[in-house]
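What follows is a short report on a single structure.
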Amino acid sequence: MTHLPRHSSDRGFTLIELLVALLAGMIVTGSAFAFAKAATNSFQQETRSAAATVAGAVGFRRLVADMQRAGFLSTPNIQRDYVYGGVAGSVCVQPSSAAGYASGIQNLASLSVEQGGAYSPSDGQNHNDAANGLSPDRITIAGSMTSTEQFPIRTIVVNGGNTDIFLQPASGAALRTWGTAAKTDVTPWTNIFAPGRILRVVDQLGYQYFGVIAATSLSSPGQPMIRLGLPALFMQGGTASGPTNPGCSGINGLAVGALANVVNRIRYEIRDLRGVASYNSIYATSTLGVSSPVEDATGNRFELVRYEIDTNNNSINNPETRELIAEYAVDLKLGLTVDSRVSGVTPPVPVLQKFDPGQPQVYNWTTLATIPSGTAGPERIRSVQIRLMVRSRQADRSSALAGPTLGSGVSGGLYRYRIPGTTNRYARVRTFQSDIVLANQLGEIF
């Protein structure tokens with residue numbers, strides 16, 4: 001056999017050359033993987049931050065919408081609306097505890113703000129965030145939220161301790177409420193006039209009366225009836241449950257021509273929902289096997305929650321009244337613009353004062369509903385500045401970044417949120433702000 005000659009260029013790779021090539025390939029592949037991983041982590045961090053922004057914006061719009069209804073078909077301050085300095089107001093009967101009125105009616109006001117109102121049902125303690133210098137407010141808004149209607153009254157029957165209010169079934173408000181529902185279906189009415197809510201009645205002369213809804217039913221097909229508990233409404237010829245406003249003698253006759261509407265009391269607060277069964281899923285491991293971050297498991301996350309309270313300040317346990325508005329909320333503050341002019345001074349030019357979120361005057365102007373004299377009171381609020389802060393789900397920063405300071409010397413919020421119990425774990429913060437005019441009480445200066 002003849003062998004062809006082999007040239008030196010025809011030889012294969014040596015083992016050393018192969019190893020060097022494999023090593024070089026691994027280095028290139030590893031570099032590409034590290035670059036892709038860094039890009040993926042950055043993308044995930046930005047996605048989480050964007051998700052927090054979107055969720056916070058949606059919840060913030062809900063809060064703004066409720067705030068715009070503050071005082072709607074209600075009273076801005078029931079104590080001063082009863083009588084102020086001996087001058088008659090529009091509320092007929094003084095809502096005192098001696099007369100049997102629940103605290104929710106005694107102190108009914110368009111807006112109430114409590115400092116340090118972040119509440120945890122798991123341990124019954126308020127949670128002010130000392131690690132970040134935060135003390136979130138708790139806000140209670142009163143107004144007609146579940147309906148925009150005033151319902152004409154057909155008749156009012158006071159029977160012992162009960163007051164039964166029969167509504168006009170053929171009125172426009174009633175027909176709009178029935179909608180397509182059968183006239184034997186009480187659901188449209190119980191959705192509005194749920195037990196524990198407040199009923200407001202305006203008589204033929206414009207005086208207001210308030211009572212607690214005990215039950216709502218159909219006394220006959222197509223005839224909605226609302227039953228109030230004690231104290232009974234003050235009817236002409238009857239006995240009032242407390243001192244009456246000068247000039248007010250009670251609801252005339254069978255109350256034909258009087259109007260009724262619901263008043264809701266909506267509360268917003270930042271809460272730890274751990275231990276609330278209906279929210280267990282937000283702390284659990286996901287179906288993809290990805291566990292919640294460590295700050296979720298150690299009690300360092302809070303949510304902005306909206307729920308309705310009754311006249312005893314307890315949660316109304318209808319499923320639709322408890323809502324998670326914004327996850328990972330860290331702070332909620334209100335600022336105010338108020339009319340501080342002295343009553344009776346002419347010309348009636350408003351004297352507007354502005355208080356930034358966190359200033360102590362905010363709480364004076366929203367919690368003095370029972371003070372019969374002076375200027376501070378929720379009825380004089382003209383606009384509200386809301387500031388809501390939410391953080392991203394996981395800490396992705398290792399250093400702090402100081403937030404702004406307002407001219408009044410109070411904090412203007414945070415740029416980064418330190419996870420409590422850590423020294424170098426910071427999450428980014430998104431801040432939402434809006435200035436809302438309280439149109440339902442413009443000009444009120446009791």
Q: For each of M67, M389, M26, count neighbouring Cβ atoms within 10 Å of the residue's Cβ, then give the residues from fewest to most.
A: M26, M67, M389
Q. Would you list F13, F166 from fewest to most Cβ contacts within 10 Å?
A. F13, F166
**Q.** Computed label-point distance, nm, for sites R341 and A32 using a 7 Å Cα→Cβ extension
**A.** 7.5
Q) Any idea how far apart V58 and N191 come out in nm if each label point goes 7 Å out from Cα toward Cβ? A) 2.1
Q) Using the reciprocal of the averaged 1/r over all distinct C-alpha pairs, how large is the Kirkwood radius of the range 126-268 in Å? A) 16.5
Q.
Within 10 Å, Cβ to Cβ, of N261, how many net charges do the neighbouring residues add up to if Lys/Arg are +1 and Asp/Glu are -1?
A. 0
Q) By counting other Cβ atoms within 10 Å of each Cβ, how are T367, T184 ranked from fewest to most? A) T184, T367
Q) Excluding L352 itself, what net charge comes from residues whose Cβ is under 12 Å from its Cβ, given Lys and Arg +1 and Asp and Glu -1? A) +3
Q. Ranked from highest to lowest mean number of other Cβ atoms within 10 Å per residue, what is the order of the peptides 225-236, 87-98, 349-360, 325-336?
A. 325-336, 225-236, 87-98, 349-360
**Q.** Cβ-defined net charge surrounding I309, 13 Å radius [Lys, Arg +1; Asp, Glu -1]
**A.** +2
Q) Under a 5 Å amide H to amide H cut-off, with H placed in plane at 1.01 Å, what residues pair with Q168 once short-range neighbours are removed? A) I153, R154
Q | Length released on extending from S217 to V87, taking residue separation times 0.36 nm less the Cα-Cα span | A | 42.9 nm
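Quick note: the coordinates plus some simple rules give every number you see, no bench work behind them. Given the structure is predicted, the values throughout are model-derived calculations rather than measurements. Methodologically, a virtual Cβ is constructed for each residue, glycine included, from the backbone with ideal geometry; neighbour enumeration extends over all protein chains shown.
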